[in-house]
Amino acid sequence: MSRILIVAASCFLLATPCSANNSYFIPGDAFFYCEIDQSEWKALQSGELSILDYDRPEEMSFSLCGYAGYKRLDLSNLSDKFRAQLIKAIASMKEKYPTKIVEIDHGEPKFFGDPAGIERKETNKLRIFIYNSSFDFSQFRIGLKYNESWAETAVRLGFKRDHFRYDFFVPTPQGIAESWRMGSAVSPLKVQLPDSDRGYVTAPMKIEPSKVTFLVCPPVSLNSLCFPPLESKLECSAVSENWQKTLINDTNKTRKSIWVESK
């Protein structure tokens, strides 16, 4: 039994390419995703935050057999104006959704790797998506990756095509079908990849600030962002270097639930 635990722990710690991997950004994805916690929020405001880490949403399943893709995004070339716009959008969203922190008593661990003791957990971190500035939120869905090349990219990263697991943020039949159907119409997020291109890459990617939009979303379910209920009153904030726009759910004409710019 102890030998099995050691093997499992080694697989987790080394994060080597194998089956049932946990995916970060995979080239071809429509967006880079992160969640802003309190420490990152303070660092962003002070100007100290220059690297964003990709966050896999908590509702996604987790495997002990390693990671795949690109973990980090370099923000150091954001202009002061762009950073100020982003801070303003996040601050406005935080006013509507104040930070909630709960204490969880895990007690003594029952199995290897289980959490132990008291954990202070932030339960409503804001969701941040980085898209190409050309992404049309009135035509395409938030949270769908629209990646048509993930299987081929997995092979280039060093994984076996038949073992690679690709993480869908909205893993419902409707979400997967929509991503597949419209994938060819959505351009992948334009990033400059680091030289390293195997397995799990921690060297940061870079972006051209003038060509991206940051989408600041409330801490609600991914499904409700992707397919908002017809009567949803949710709002998101799209931020670029030169403007900030509020997106609202609009069903007046199409009854389709799409995100449009607030007038």
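The values are calculated or read from the model by the stated rules, or taken from the named source; none is laboratory data. Quick caveat, the model's predicted, so the values are computed rather than measured. Calculation scope for accessible area: heavy atoms of the full protein, side chains included, ligands and nucleic acids excluded. Shrake-Rupley method; radii C 1.70, N 1.55, O 1.52, S 1.80 Å.
Taking the solvent-accessible surface of protein heavy atoms with a 1.4 Å probe, what is the per residue accessible area of segment 24-80 in Å²? Intermediate results must be reported in sequence, preceding the final value.
Numbers: 2230 Å² over 57 residues.
Roughly 39 Å² per residue, with all protein chains present.
What ranking of Ile51, Ile101, Ile130 comes out by heavy-atom accessible area, probe 1.4 Å, highest first? Before the final figure, lay out the partial values.
Details: Ile51 40, Ile101 80, Ile130 0 Å².
Reading off the accessible areas and sorting them downward yields Ile101, Ile51, Ile130.
Computing the accessible area with a 1.4 Å probe over protein heavy atoms, can you report the carbon and sulfur percentage for segment 19-96? Present the calculation step by step, with values, prior to reporting the outcome.
On the way: 1450 of 3120 Å².
About 47 percent, which is the carbon plus sulfur part of the accessible surface.
Could you tell me which of the pairs Lys81/Lys121; Lys121/Lys245; Lys96/Lys206; Lys145/Lys211; Lys88/Lys211 are separated by over 25 angstrom between their Cα atoms in the structure shown? Over 25 Å apart, Cα to Cα: Lys81/Lys121; Lys121/Lys245; Lys96/Lys206.
Percent of accessible area on segment 115-256 owned by carbon and sulfur, 1.4 Å probe? Carbon and sulfur: 49 percent of the exposed surface of segment 115-256.
Rounded, prolate or oblate for segment 81-203? Axes are the square roots of the Cα gyration tensor eigenvalues, ordered a ≥ b ≥ c, and the cut-off for rounded is a/c under 1.5. Please list the in-between numbers first.
Details: a/c = 1.79, a/b = 1.20, b/c = 1.50.
In terms of gyration-tensor shape, oblate.
If the viscosity is 1.002 mPa s and the temperature 20 °C, what Stokes-Einstein diffusion coefficient in µm²/s follows for segment 156-263 when Rh is the Kirkwood radius over Cα pairs? Answer from the Stokes-Einstein relation: 127 µm²/s.
Quick one: order Leu193, Leu234 from most to least accessible surface, probe 1.4 Å. Write down the numbers at each step before the final one.
Values: Leu193 70, Leu234 30 Å².
Highest to lowest solvent-accessible surface, that is Leu193, Leu234.
Available extension along the chain between Ser149 and Val220 is 22.7 nm, counting 0.36 nm per residue and deducting the alpha carbon span. Counting only protein chain heavy atoms and rolling a 1.4 Å probe, the accessible areas of Ser232, Ser149 rank, largest first, as Ser149, Ser232. For segment 193-209, the Karplus equation 6.51 cos²θ - 1.76 cosθ + 1.60, evaluated at θ = phi - 60°, returns couplings of 7, x, 5, 5, 9, 10, x, 10, 10, 9, 4, x, 7, 10, 10, 9, x Hz by residue, with Gly and Pro reported as x.
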